[in-house]
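Each value in this text was obtained by applying a stated rule to the coordinates, not by laboratory testing. These numbers were taken from a predicted model, which means no experiment stands behind them. Reconstructed Cβ throughout: ideal geometry from the backbone, glycine too, with neighbour counts over all protein chains shown.
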Amino acid sequence: MTAQVGAVRAELGRHRPRFGEPAFRGLVVLASLTVLAIIAGLVVVIATTSMAGIAHNGIGFLWGTTWDPVHSVFGALPFIYGTLLTSITALILSMLIGVGVALFLVELAPSWLAGPLGFMIEMLAAIPSVVYGLWGIFVLAPWLRDYVEVPLHDTLGWLPFFSGYPIGIGNLAAVVVLTIMVLPTVAAVSRDVVSAVPGSQREAALALGATRWETIRMGVLPYARSGILGAGILGLARGVGETMAVTMVIGNSPTISLSFLAQGYTMASVIANEFTEATTNLYRSSLIEIGLLLLVVTLVINAAARLLVWRVAYTASSRSLAA
Amino acid sequence: MSGADGTLAGAARLPGAGIPPRVPGRNMARRRTTDRVMRALLGIAAVIAAVPLVLVLLYVLVQGLPALNLALLTQAPVPAGFPGGGVAPAVVGTLIMVGLGTLIGTPIAVLAGIYVREYAGGRGATLIRFLVDVLAGVPTIAIGLFAYGLVVVPMGSFSALAGAVALAVIIIPIVARITDEMLGLVPGSVREAAYALGIPPWKTIVRVVLPAASGGIVTGILLGVARIAGETAPLIFTALGNDRVSTALGEPMDALPLRIWVYASGPYDSWHAQAWAASLVLVFLVLAFSLLTRLALRRRGAART
Amino acid sequence: MPLMTEPTTDARVDPAPSPVPAPAPRTHAVGPVPGARAIEVARRSDEPVQDAGVGVEIEHLDAYYGNRRVLRDITLTVHPNSVTAIIGPSGCGKSTLIRCLNRMHEVTPGARVAGEVRLDGDDIYAPGVDPVVVRQRIGMVFQRPNPFPTMSIYDNVVAGLKLAGIRDRSLLDEVAERSLRRAALWDEVRDKLSAPGGALSGGQQQRLCIARAIAVEPEVVLMDEPASALDPMSTLKIEELIAALRASYTIVIVTHNMQQAARVSDRTAFLTVGDDRSGFLVEEGPTAQIFTNPRRQLTEDYISGRFG
């Protein structure tokens, strides 16, 4: 009944797998290479499928202002312009609000408020883009038209920024929706960066007799500066790539206008909006060419932002990822 | 700006011990005012940031609730403009494509996370972490184009499979990063205990370390599921959409976000009502997932410190 | 048979510290490599294995973390079926020394050793020796109890067997009971074998870890300050346990507590730190002699509390 002492030793000697370790190691390396392959594949596959467009459109694609699929004239400037206009404006707004929120959460808010408020802002990132779009079409745009655009047009209509007809749908609505969607990224990363500022910096400022704001300005912001810059660049990448909500409220018109009341188009939204209607191969691959441009731009922006944020607060990047 | 610098210089000029503090002058009053104004502005920023969430949730609830009924979830769409019908193809499609995308993406992500945390040396780990982060920042519409070129073009047709591939690519960085972090929370003493028993490293990881981190990893997977369930852009030119309930992976398939987009952009009131109701379903699912997983993750994060 | 074409995990280096240390990622160091013939044969022999410990001979052992040498030229013989205590001031490398005996030292990135450690006559650092086999033959108990968090008490005890692929249920049951009895834990846990290991008290957890270590029937058991995180009652239990285990195993125990060393050990080795901040062996001998009549002044200073 009782197994002999030594039975275990003998059994262990019989079970001596030799291939488990290299096999498992190979598996995890393979998975990591898959991540590498996906990033390389993104560029390669999108570049390949846009080849016909690249050949036809040439380098002039980048500054051509006419988008006329019927006559096979493809210029991407209206989309590049629209993307820059909306995402940079939205970035400025969300930086102002987002950094303010971050400072408020870390430096001023009592913990009973900071927890739930931070949570709400993270939740902002969880709502699907298409739902923001729906809300933008039926709630935000009419409200903007009646309470923002009409007064702006009546008083400042002589400025090129507010010329045209206030109809709600247009660049302004896109900017507002984008601001809301970029905000969580900027706020979350900024919060982590501000939290990472050592307490001794604050104490040094306070000990000089500085007020709370002066402490933030002298003791916190200088240390968080490059991290906040990284947060901004990450936010820019998010804004440039944002598709659905913008597509639904920007008006989808390939025109270049300074006015926030005018309708516009962005790189992402023209792809989303016209891809399934693109009947010719050339039309389709020209749209994919815009996608290639978008991909390269966001890869560069992201890589720069990650490098910047990593130096400051490593965990910040992971939180923003979860957001 | 110069005012604040001036005050600092003023503070530095304060006389030494034994001399009564100087009566706060004009300077001090201005500093106090600046302080109050800036603190108020930071508070206002916080309020502004919180308002959109409340507004969006409120509208989705108010507009979506009246149109929410069983028929919405169980019936196929009726011809445009007619009353009735539902978004059943979208519900089924979202379940299938999100499920398949998770099945494809999660193993790759977990294994990559294991590589980064348990196997890679310093440089390899940094490189893969960096790539994972970069992948997380790629616009989902570009990932859609990738799946189009990779699956739709060779297969010659839009398909649910292509949609699932796109969603898999989106979920990979989310799960890989969380796996990496959760493995980092498993104490080294657990690995040592296993090594000291003569258990090879790979078995230590698979049978001891991974189970210890599984709660957090599952949470991360759910977070990823919530995220891809709400994606529209990558499905437009992969899954395309479908008016009928379809379970065929090689054919076009509908998804809730796609259906919401189509209905929101259309001219019919009945479509709009169903778009709101479908949004309510989607938002409820996504928020419930996110809420639970974030709470769970937060507890783990707190336990760490 | 060892596959000679596979790379080896020989963690040894030349005794002279090279200016550029070969960085050894922890996972490389513990990689699976065919065992050396001698170490394997001892495991595989079909002749009845005695339930007894074997001796360990340490010869000219140096240990490094990166470029820093933490142990200098240790030569020490551990006698079979005895309890050898390693004492010395903190930082003298006591823990590093016993971690070199089952090749756990090299698990730390950048850590490496030079010299020989012979288990029953076979060098465990010989080329081709699989550290996994070494660790099956030389068990270890750590400073803090570290039961596997997701496993039940039962699964913790037989973890070393199960994870090595042994599925024979009756054998596992027997080993579990025998190991828990030997660890003096059976009576306390026999009714809750499926409860999680983490639910036990600290002292019970440490005895669980001892049961886990002896379940794989090692020949040597290393204990790294096994009672330092425990209350006095639990410490007493562990000490009684060590005395009982001596019959079946060779035990090496690191302790910072000299009374404990005097109580539990047959032989004592005293290490201290040199001016170059690396630990070295001052003297080794029967415990009674070390504590009452040390040969070296350093030892006498330490045990009489004048230093350390």
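Before moving on, here are some points about what is shown:
- Cα-based shape type of chain A, given that a ≥ b ≥ c are square roots of the gyration tensor eigenvalues and the cut on a/c is 1.5: oblate
- About the centre of its Cα atoms, segment B:29-135 shows a dipole size close to 800 debye [charges on the beta carbon of Lys, Arg (+1) and Asp, Glu (-1) only; nearest 20 debye].
- Note on segment A:125-196: Rg/Rh from Cα positions, Kirkwood definition for Rh, rounded to two decimals, is 1.12.
- Net charge dipole, segment A:50-322: roughly 700 debye, given to the nearest 20, about the Cα centre with Cβ charges of +1 for Lys and Arg and -1 for Asp and Glu.
- Beta bridges by DSSP in the protein assembly as shown, antiparallel share as percent, to the nearest 5: 55 percent
- In order along segment A:282-292, the phi-based Karplus estimate (6.51 cos²θ - 1.76 cosθ + 1.60, θ = phi - 60°) of 3J(HN,Hα) comes to 5, 4, 5, 6, 5, 5, 5, 4, 4, x, 4 Hz; Gly and Pro are listed as x.
- Highest mobility in the GNM of chain B, judged by mean-square fluctuation with C-alpha springs under 10 Å and restricted to B:Thr33, B:Thr126, B:Thr247, is found for B:Thr33.
- Label-point separation in nm, A:Ala55 to B:Leu185, each point 7 Å along Cα→Cβ: 5.3 nm
- Interchain or long-range residues, amide H under 5 Å from C:Val254's placed H: C:Ile86, C:Met223, C:Asp224, C:Glu225
- Among A:Arg145, A:Arg306, A:Arg217, the largest mean-square fluctuation in a Gaussian network model of chain A (Cα springs under 10 Å) belongs to A:Arg217.
- For segment C:49-303, the mean projected area of the C-alpha convex hull, equal to one quarter of the hull surface, is 13.7 nm².
- Within a Gaussian network of chain B (alpha carbon springs, distance under 10 Å), most fluctuating of B:Val37, B:Val152, B:Val245: B:Val37
- Cβ-based charge dipole, segment A:50-322, positive-most Cα from A:Phe138, A:Leu172, A:Ile88: A:Ile88
- The mean sequence separation of alpha-carbon pairs under 8 Å and at least six residues apart, normalised by the residue count of chain A, gives a relative contact order of 26 percent.
- Helix B:122-137 axis versus longest C-alpha principal axis of chain B: approximately 70°, rounded to the nearest ten.
- Each peptide in B:236-243, C:290-297, C:60-67, C:224-231 gets a packing score, the mean of other Cβ atoms within 10 Å over its residues, and the list from highest to lowest is B:236-243, C:224-231, C:60-67, C:290-297.
- Seen through its C-alpha gyration tensor, with square-root eigenvalues sorted a ≥ b ≥ c, chain B comes out oblate because a/c lies at 1.5 or above while a/b is not bigger than b/c.
- Per residue of the protein assembly as shown, the DSSP helices (runs of n ≥ 4 H) give a summed -39500 (n - 2.57) that works out to -18000 deg cm²/dmol at 222 nm.
- Radius 12 Å from Cβ of A:Val101, net charge of other residues (Lys, Arg +1; Asp, Glu -1): -1
- In order along segment B:217-231, the Karplus-derived 3J(HN,Hα) couplings, from 6.51 cos²θ - 1.76 cosθ + 1.60 at θ = phi - 60°, round to 5, 4, 4, x, 5, 4, 4, x, 4, 4, 5, 6, 5, x, 7 Hz, and Gly and Pro are given as x.
- Linear extension gain, C:Phe280 paired with C:Arg190, 0.36 nm per residue minus alpha-carbon span: 28.0 nm
- Per-residue Karplus couplings for segment A:153-165, computed as 6.51 cos²θ - 1.76 cosθ + 1.60 with θ equal to phi - 60°, are listed in order as 5, 5, 9, 10, x, 6, 6, x, 6, 10, 7, x, 9 Hz, Gly and Pro entered as x.
- Spin-label model, C:Ala247 to B:Asp243: label points 7 Å out along the Cα-to-beta-carbon direction sit 8.6 nm apart.
- Centroid-to-centroid separation of segment B:170-189 and segment A:174-219 [C-alpha atoms, Å]: 28 Å
- A simple charge model with +1 on the Cβ of Lys and Arg, -1 on the Cβ of Asp and Glu and nothing else charged puts the dipole of the protein assembly as shown at about 1760 debye relative to its Cα centre.
- With neighbours defined as other Cβ atoms within 10 Å of a residue's Cβ, the residues A:His153, C:His79 order from fewest to most as C:His79, A:His153.
- Which of C:Thr299, A:Thr83, A:Thr266, C:Thr235 has the fewest Cβ neighbours within 10 Å, and the rest in rising order: C:Thr235, C:Thr299, A:Thr83, A:Thr266
- Centroid-to-centroid separation of segment B:193-236 and segment C:238-308 [C-alpha atoms, Å]: 45 Å
- Relative contact order of segment C:49-303, taken over Cα pairs closer than 8 Å and 6 or more residues apart, is 29 percent.
- Modelled this way, with points 7 Å down the Cα-to-C-beta line, the labels at B:Phe130 and B:Leu70 are 5.7 nm from one another.
- Ranked by the mean number of other Cβ atoms within 10 Å of their residues, highest first, the peptides B:76-88, A:87-99, B:104-116, B:265-277 come out as B:104-116, A:87-99, B:265-277, B:76-88.
- With a 10 Å cut-off around each Cβ of B:258-265, the average count of Cβ atoms from other chains is 5.
- Chain B: relative contact order in percent, alpha carbon pairs under 8 Å with at least 6 residues between: 24 percent
- Shape class for segment A:1-116, computed from the alpha carbon gyration tensor (a ≥ b ≥ c): oblate, with a/c not under 1.5 and a/b at or below b/c.
- Peptide A:237-245 - average C-beta neighbours from other chains (10 Å radius): 5
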